[in-house]
């Protein structure tokens with residue numbers, strides 16, 4: 001009996017997997033049981049207590065397997081109140097609401113349902129199928145990195161689909177991500193005698209102004225556009241009546257292939273000057289597959305049949321686990337293609353379109369038939 005991807009999305013949304021407060025283990029175990037019952041060999045890999053990634057494999061033929069990949073963790077709900085229960089998975093007006101509905105539990109559900117159908121129908125005659133559902137993507141691909149470091153955890157693959165939210169459109173790449181912490185230090189003193197101290201917040205403020213004016217001296221990538229820099233967080237001081245002796249700025253840089261992250265970090269350090277200490281929190285490369293690759297050509301062909309026109313080469317503004325998994329699999333062709341809505345990722349009252357979940361599941365199923373079938 002076929003598993004319904006919309007119902008499965010609802011079940012997955014009901015698991016609270018907010019990273020880092022709610023570990024993914026229960027959700028991973030639920031998926032593991034579902035896939036094991038459907039004929040997959042299962043392995044769970046924990047990189048921290050409760051932080052579990054799932055690798056499932058169904059064998060078939062001598063051709064390298066097709067990999068379906070995604071993540072089970074979600075971001076926090078945010079400060080704004082939700083008008084829908086974020087963990088109910090309710091549907092209304094063709095939308096399925098809940099945290100992670102677009103990013104990316106609908107993608108996980110669609111990939112899993114298509115994979116189960118492929119195994120049940122006996123399609124895997126020419127190639128096997130590997131599912132990699134990881135924990136910890138939202139905080140820098142922690143689960144994927146753990147799998148890449150673990151000998152034998154991933155096996156092999158010949159091509160990969162990452163089910164991140166794209167509204168059902170195939171994307172052939174995304175930027176790299178370099179998240180930096182910029183730390184300024186000072187000397188504490190009583191707030192009534194600031195002349196006796198050195199204010200780290202003032203130093204941080206000067207650093208933020210320098211970052212606002214910072215520009216990358218690199219040509220735009222034809223597909224990925226220009227690199228970006230955003231100051232996402234700033235914190236400093238312990239109480240209002242003391243001179244703060246430390247402040248920390250969180251910097252989110254998205255890079256294009258022409259940039260090297262070590263060089264980017266040096267450029268930022270030079271712009272901020274010697275009063276600022278830099279350290280990297282996330283450092284993951286971008287991904288780009290040539291649109292002339294036969295796998296991408298196949299994906300475009302299938303998308304064209306369903307949408308009535310050939311997709312234009314496009315890329316994602318976010319990073320994905322492909323940053324780690326694509327090189328871990330030896331640089332295999334990779335497409336980012338999922339049923340979630342890109343603009344809904346991390347939003348209050350997040351939703352996915354029911355129609356797109358169903359249509360993308362069909363596309364995954366057909367892609368699996370073409371890659372794995374004899």
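The values are calculated or read from the model by the stated rules, or taken from the named source; none is laboratory data. This one's a predicted model, so the numbers in the text were calculated from it and none came from an experiment. When we count neighbours, we look across all protein chains shown, and the Cβ atoms used for this are built from the backbone with ideal geometry, even at glycine.
For the reader, a short list of remarks on this structure follows.
- Any hit, segment 227-246, residues being under 30 Å from the mean Cα position of the chain (by Cα), within 20 Å of residue 288 (Cα to Cα) and part of a strand (DSSP E or B): yes
- One residue stands out in segment 341-374 among those that are within 15 Å of residue 13 (Cβ to Cβ) and crowded, with 23+ Cβ neighbours inside 10 Å: the one that is farthest from the chain's Cα centre (by Cα), namely 357.
- Just so you know, in segment 261-272 the residues that are closer than 15 Å to residue 206 by Cβ and either free of Cβ contacts under 8 Å to residues at least 60 places away in the same chain or under 24 Å from the mean Cα position of the chain (by Cα) (or both) include one that is surrounded by the fewest Cβ atoms within 10 Å (Cβ to Cβ), and it is 270.
- Scanning segment 81-106 for residues that are buried (at least 17 other Cβ atoms within 10 Å of the Cβ), touching a strand residue (DSSP E or B) at 6+ places or on another chain (Cβ under 7 Å) and assigned to a loop (DSSP other than H, G, I, E, B) returns 84, 89, 99, 100.
- Scanning segment 309-331 for residues that are touching a helix residue (DSSP H, G or I) at 6+ places or on another chain (Cβ under 9 Å), modelled with pLDDT of 95 or more and not in a loop (DSSP other than H, G, I, E, B) gives 322, 323, 324, 325, 327, 328.
- Test: residue in segment 312-329 that is surrounded by fewer than 15 Cβ atoms within 10 Å (Cβ to Cβ) and over 17 Å from residue 174 (Cα atoms): no
- Residue in segment 12-33 that is in a strand (DSSP E or B) and under 20 Å from the mean Cα position of the chain (by Cα) present: yes
- Flag for residue 279 being touching a strand residue (DSSP E or B) at 6+ places or on another chain (Cβ under 8 Å), within 30 Å of residue 77 (Cβ to Cβ), modelled with pLDDT of 95 or more and outside the structural domain of residue 89 (by TED's automatic domain parsing): yes
- For beta carbons closer than 6 Å, sequence separation of 6+ or different chains, a first residue in segment 85-113 that is not assigned by TED's automatic domain parsing to the domain that holds residue 358 and a second that is modelled with pLDDT of 95 or more and buried (at least 24 other Cβ atoms within 10 Å of the Cβ), there are no qualifying pairs.
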